[in-house]
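Chemist: Questions regarding the structure given below will be posed in turn.
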Amino acid sequence: MNQEEKLFALRHSAEHVLTLAMERLYSPNKKNQGKIKTAGGEYKLTKPAIVKAMGPAIAEGFYFDFDLSKEAEKAGFRLIEADLAKIEKEMAKLIEQNFPMQRMEISIDLARAIFHDNPYKQELLDDLAKLDARETQVDPVSLRLDQEHELVEPGIVSIYLTANADQIKADKQLLEGLMSSKLADAQSRINLQSFVDLCKGPHVEKIGEIKAFKLLNIAGAYWRGSEDNKMLTRIYGTAFFNQADLDEFLKNRQLALERNHRKIGKEMGLFAVINEIGQGLPVWLPNGYAMRRAIEDYMILFERSFGYSHVLTPHIHRKELFEKSGHLGFYDESMYPPLTYQEGGDDSVADETYYLKPMNCPAAMMIYKLEPHSYRELPIKLGEFGTVYRREKSGELHGLQRVRGFTQNDAHIFCTAEQLKDQFLEVMKMLEIFYKAVGFDNYKFRLSVSDPEDKKFQVCGSLADWQKAENTMREILDEAGVEYEEVKGDAAFYGPKLDAQAINVFGKEDSISTIQVDFNLPERFGVSYIDEEGKEQRPFVIHRALIGSFERFFAFLIEHHGGDFPLWFAPVQVKLLPIADRHLSYTRSVMDKLLRAGVRVAIDERSERLQAKIRQAETERVPLMLIIGDKEVEKQELSLRTRGQAQGLLKEGTVNLDEIIKKANTLPDLR
């Protein structure tokens, strides 16, 4: 195994140790006499409180999902984060005993008998049995990804035993005897001495190899990720080869948590998710909308400088449009239920059915088709800040990153085959300029191309069109000398795409920009232009989203800057700090001039000492603070203090108002 695989095995093993520790802590035995203690209280139980569900290794560690027994649930048993330290202590005791972990292959029937009292393991075994029987309703990919289980061969699964050598030996002899004598069918239940779990591995040879681990937090999670299933409890943890690596991870994790966009969003009053309005439907609060509007205004000017025109389409469209686009055939599970309009009392008027739009593309096709087009008019670039709605599962919603209603910075470029490369180059240039404007440069590209042998890529677009688009994208990336990964077979069925992947503060990649060639909609809508010879031709259509959605992009921006935004789109650019009430009149006149000049400004009129006002403005992450006292009133001046990204933009100390206005209203270069 390479290092990555070894780390996966280590973390997977740590999850087994976590499960074993919890079974020991929260099961009645002679020592505790059935009195189970947690941070929340003491519970008298006759059976184990924990019902284990699943627990894989993941990118940053591992997790364990568990349910409660009916007895524990009835008693009000629950675990909170204050319990994690006790569980860690028990894990450390187990690791000191250095138990071996041994793999064994057994029949599905024998596995059923081992997990006779666990409905979650029984469900997994049911699915594995169906997979063995080649029943199509089971998704083997999700089964492997979610559970890390698979068939070894028809009718055979693997388990792992963890205990001392003598206990494992005795259990293996028992199971081997049952396998060889084929008594498994007669066995309704088997109790082993070892800790056992259904698992394909791999694992460490002995749990003493786990040198550094940490339990991180407790959360809720639906069984197998479906909101139709029961909500379980999930404990997250991580493990590393040494303490130094763990300490570095925990340090970076803490920094990332401090920059979490939900935390900063609440502190700065940027956005809120209000239950009465709806989960996944974020509300932009005054400060957040001020930021968003500043970037929207810049983007309008920016796109116009590259020849874009802008449109705005309704939030709902008729059913027939989505039938024509194909969304009701291949995307309807992500769309909200239809809205049917009936005109009361008039039977002569047919009912009309509408849908909240999941994408802006179909309407863009209809706008293009409003009139015929000549090759001389191309390229035509239609931009739209269009709000769309998608039915995301509640368990997948997350702040601004995963929402149900969001506004896309969309554009559709209609061009000839000869113009395709130039249009891609232009969009790449726009990405570079815009990323610099908002203050980050840590990104790379992911090129998703077709697999010619896969029939899904033969649904729309000719082979020549696919090759033209993919070769053009590849050529541009190579000429630019940028870092990119090419993924065969990862394209959408309707065209290849290029994603800009930014590295967030958690070290993960976020797709923040997309350039997508679309062969599907131009064919479905009969989009065309007249070429030099007077013949009708189909244009190439590039679907381009410079920042994807405003919501997802702002989550990234908030975390990237930690709330210390560049002056030009900071929610409050200037905070006025009068030292005493006698300075309020002059301060308010300054505020009035700043407001009329379009500067985002606030005033602290509290009867507090100046240092308290400065601390508050710094907490609010305001870039420019203007202090006004007796001297400033007398000389009609201002005293400037800067912070964050505004430091160095202006010299601190005495400053005139025109300098502040000029700097606050200066936008990044458009070219």
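The values are calculated or read from the model by the stated rules, or taken from the named source; none is laboratory data. Here the structure is a predicted model, which is why all the values come from computation and not from measurement. With ideal geometry, Cβ positions are generated from the backbone for all residues, glycine too; neighbour counts draw on all protein chains shown. Note: accessible area is taken over every heavy atom of the protein model, side chains too, but ligands, DNA and RNA are not part of it. Shrake-Rupley method; radii C 1.70, N 1.55, O 1.52, S 1.80 Å.
Chemist: Going by what's in this entry, would GLU470 be described as closer than 16 Å to HIS412 by Cβ, of a type in the set (D, E, K, R), in a helix (DSSP H, G or I) and open to solvent by 10 Å² or more (accessible area, probe 1.4 Å)? So that I can check it myself, show each step before the final result.
Modeler: On the way: closer than 16 Å to HIS412 by Cβ: no; of a type in the set (D, E, K, R): yes; in a helix (DSSP H, G or I): yes; open to solvent by 10 Å² or more (accessible area, probe 1.4 Å): yes.
No, not satisfied.
Chemist: If only one of LEU183, LEU145, LEU128 is modelled with pLDDT under 90 and open to solvent by less than 10 Å² (accessible area, probe 1.4 Å), which one is it? Steps first, answer last, please.
Modeler: On the way: LEU183 fails: open to solvent by less than 10 Å² (accessible area, probe 1.4 Å); LEU145 fails: open to solvent by less than 10 Å² (accessible area, probe 1.4 Å).
Unique residue meeting the criteria: LEU128.
Chemist: Quick one: would you say ILE530 is open to solvent by 50 Å² or more (accessible area, probe 1.4 Å), touching a Leu at 6+ places or on another chain (Cβ under 8 Å) and either at pLDDT 95 or above or among the basic types (Lys, Arg) (or both)?
Modeler: On the way: open to solvent by 50 Å² or more (accessible area, probe 1.4 Å): yes; touching a Leu at 6+ places or on another chain (Cβ under 8 Å): no; either at pLDDT 95 or above or among the basic types (Lys, Arg) (or both): yes.
For ILE530, the condition - open to solvent by 50 Å² or more (accessible area, probe 1.4 Å), touching a Leu at 6+ places or on another chain (Cβ under 8 Å) and either at pLDDT 95 or above or among the basic types (Lys, Arg) (or both) - is not met.
Chemist: For ARG524, which of the numbered conditions (1) over 30 Å from ALA59 (Cβ atoms); (2) modelled with pLDDT under 90; (3) not acidic (Asp, Glu) fails to hold?
Modeler: Condition not satisfied by ARG524: (2).
Chemist: Do you know which of the residues in segment 209-241 that are out of contact with any Lys or Arg (no Cβ under 6 Å at 6 or more places or on another chain) and open to solvent by 60 Å² or more (accessible area, probe 1.4 Å) is farthest from LEU18 (Cα to Cα)?
Modeler: In this case the residue turns out to be ASP228.
Chemist: Let me confirm something: among ALA75, ALA92, ALA39, ALA113, which residue is open to solvent by less than 70 Å² (accessible area, probe 1.4 Å), among the hydrophobic types (A, V, I, L, M, F, W, C) and in contact with an Asp or Glu (Cβ under 7 Å, 6 or more places away or on another chain)? Before you say what the answer is, go through the steps one by one.
Modeler: Values: ALA75 fails: in contact with an Asp or Glu (Cβ under 7 Å, 6 or more places away or on another chain); ALA92 fails: in contact with an Asp or Glu (Cβ under 7 Å, 6 or more places away or on another chain); ALA113 fails: in contact with an Asp or Glu (Cβ under 7 Å, 6 or more places away or on another chain).
Criteria check complete, one pass: ALA39.
Chemist: Another question about this same structure. Out of segment 2-37, which residues are under 33 Å from the mean Cα position of the chain (by Cα) and over 23 Å from ALA163 (Cα atoms)? If you could, list the steps in order and put the result at the bottom.
Modeler: Restricting attention to segment 2-37, the residues satisfying the condition of being under 33 Å from the mean Cα position of the chain (by Cα) are 2-23.
Residues satisfying the conditions are ASN2, GLN3, GLU4, GLU5.
Chemist: Considering only segment 298-321, how many residues are of a type in the set (A, V, I, L, M, F, W, C) and open to solvent by 60 Å² or more (accessible area, probe 1.4 Å)?
Modeler: Residues of segment 298-321 that are of a type in the set (A, V, I, L, M, F, W, C), as a first pass: 299-302, 306, 311-312, 316, 321.
Retained after the next criterion (residues that are open to solvent by 60 Å² or more (accessible area, probe 1.4 Å)): 301, 312, 316.
Selection size over segment 298-321: 3.
Chemist: Being more than 30 Å from ASP564 (Cα to Cα) and surrounded by fewer than 20 Cβ atoms within 10 Å (Cβ to Cβ) narrows it down to one residue among ASP451, ASP441; which is it?
Modeler: Details: ASP441 fails: more than 30 Å from ASP564 (Cα to Cα).
Residue meeting the stated conditions: ASP451.
Chemist: From ALA57, ALA9, ALA14, grab the single residue that is under 16 Å from GLY201 (Cβ atoms) and in contact with a Pro (Cβ under 7 Å, 6 or more places away or on another chain).
Modeler: Details: ALA57 fails: in contact with a Pro (Cβ under 7 Å, 6 or more places away or on another chain); ALA14 fails: in contact with a Pro (Cβ under 7 Å, 6 or more places away or on another chain).
It is ALA9.
Chemist: In segment 354-379, which residue that is without any contact (Cβ under 8 Å) to a residue 40 or more places away in the chain and either assigned to a strand (DSSP E or B) or touching a Pro at 6+ places or on another chain (Cβ under 9 Å) (or both) is least open to solvent (accessible area, probe 1.4 Å)?
Modeler: TYR355
Conditions tested, residue by residue: (1) within 22 Å of PHE302 (Cβ to Cβ); (2) outside any helix (DSSP H, G or I).
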site	(1), (2)
LYS381	yes, yes
GLU384	yes, yes
ARG391	no, yes
PHE406	yes, yes
ASP410	yes, yes
GLN419	yes, no
MET428	yes, no
GLU432	yes, no
LYS436	yes, no
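Chemist: Quick one: ALA59 ticks every box in (1) more than 32 Å from the chain's Cα centre (by Cα); (2) loosely packed, with under 13 Cβ neighbours inside 10 Å except a single one, so which number is it?
Modeler: Against the list (1) more than 32 Å from the chain's Cα centre (by Cα); (2) loosely packed, with under 13 Cβ neighbours inside 10 Å, ALA59 comes up short only on (1).
Chemist: Inside segment 156-234, counting only strands (runs of 3 or more DSSP E) that do not spill past its ends, which hold 1 or more residues that are acidic (Asp, Glu) and out of contact with any Gly (no Cβ under 7 Å at 6 or more places or on another chain)? Spell out the reasoning first.
Modeler: Working: elements: 156-162, 195-198, 212-222.
Those strands (runs of 3 or more DSSP E) span 195-198.
Chemist: Turning to a different aspect of this structure: Report, by residue number, each residue of segment 273-297 that is of a type outside the set (S, T, N, Q), touching a Pro at 6+ places or on another chain (Cβ under 7 Å) and open to solvent by 20 Å² or more (accessible area, probe 1.4 Å).
Modeler: The answer is VAL273, ALA290.
Chemist: Criterion first (aromatic (Phe, Trp, Tyr), within 33 Å of the chain's Cα centre (by Cα) and part of a loop (DSSP other than H, G, I, E, B)) does PHE77 satisfy it? Let's see the steps before the verdict.
Modeler: Numbers: aromatic (Phe, Trp, Tyr): yes; within 33 Å of the chain's Cα centre (by Cα): yes; part of a loop (DSSP other than H, G, I, E, B): yes.
So PHE77 passes the test.
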